[in-house]
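Single-structure report; data block below.
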Amino acid sequence: MGWKELDSAARACLIDLYAKSSLTVDDLPYTREFDVMLAEFNTKTGKKLTQHEFWRAVSSARKTGKLKRKER
């Protein structure tokens, strides 16, 4: 499941969780923060995304300009 398949509430949740994150998109994979974001996303949205599906959604959101760019 990627960004396009998420409903507007799930998209808003993903954007909000990323905004609260201290890491850039490229730094997120394989971190505890990524796992926490995924768990919180699934809890808040009622979805059951895998790590891979969540990463695809985050990556797609960045590519479409939906996630605010962070300084490294």
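The values are calculated or read from the model by the stated rules, or taken from the named source; none is laboratory data. In this text the structure is predicted, and so the values were computed from the model without any measurement. All Cβ positions, even for glycine, are placed from backbone atoms using ideal geometry, and neighbour counts span all protein chains on display.
Hey, could you check the stretch 47-72 for residues that are in a loop (DSSP other than H, G, I, E, B) and among the hydrophobic types (A, V, I, L, M, F, W, C) and say which is farthest from residue 15 (Cα to Cα)?
49
Residues in the stretch 11-30 include at least one that is assigned to a helix (DSSP H, G or I), within 9 Å of the chain's Cα centre (by Cα) and hydroxyl-bearing (Ser, Thr, Tyr). Of all the residues in the stretch 34-51, those that are over 11 Å from the mean Cα position of the chain (by Cα) and acidic (Asp, Glu) number 0. May I ask you to verify whether residue 36 is of a type in the set (Val, Ile, Thr) and touching a residue at least 12 places away in the same chain (Cβ under 8 Å)? For residue 36, the condition - of a type in the set (Val, Ile, Thr) and touching a residue at least 12 places away in the same chain (Cβ under 8 Å) - is not met.
Could you list all residues from the stretch 35-54 that are under 15 Å from residue 16 (Cα atoms), hydrophobic (A, V, I, L, M, F, W, C) and either surrounded by 17 or more Cβ atoms within 10 Å (Cβ to Cβ) or at pLDDT below 95 (or both)?
Scanning the stretch 35-54 gives 37, 38, 41, 54.
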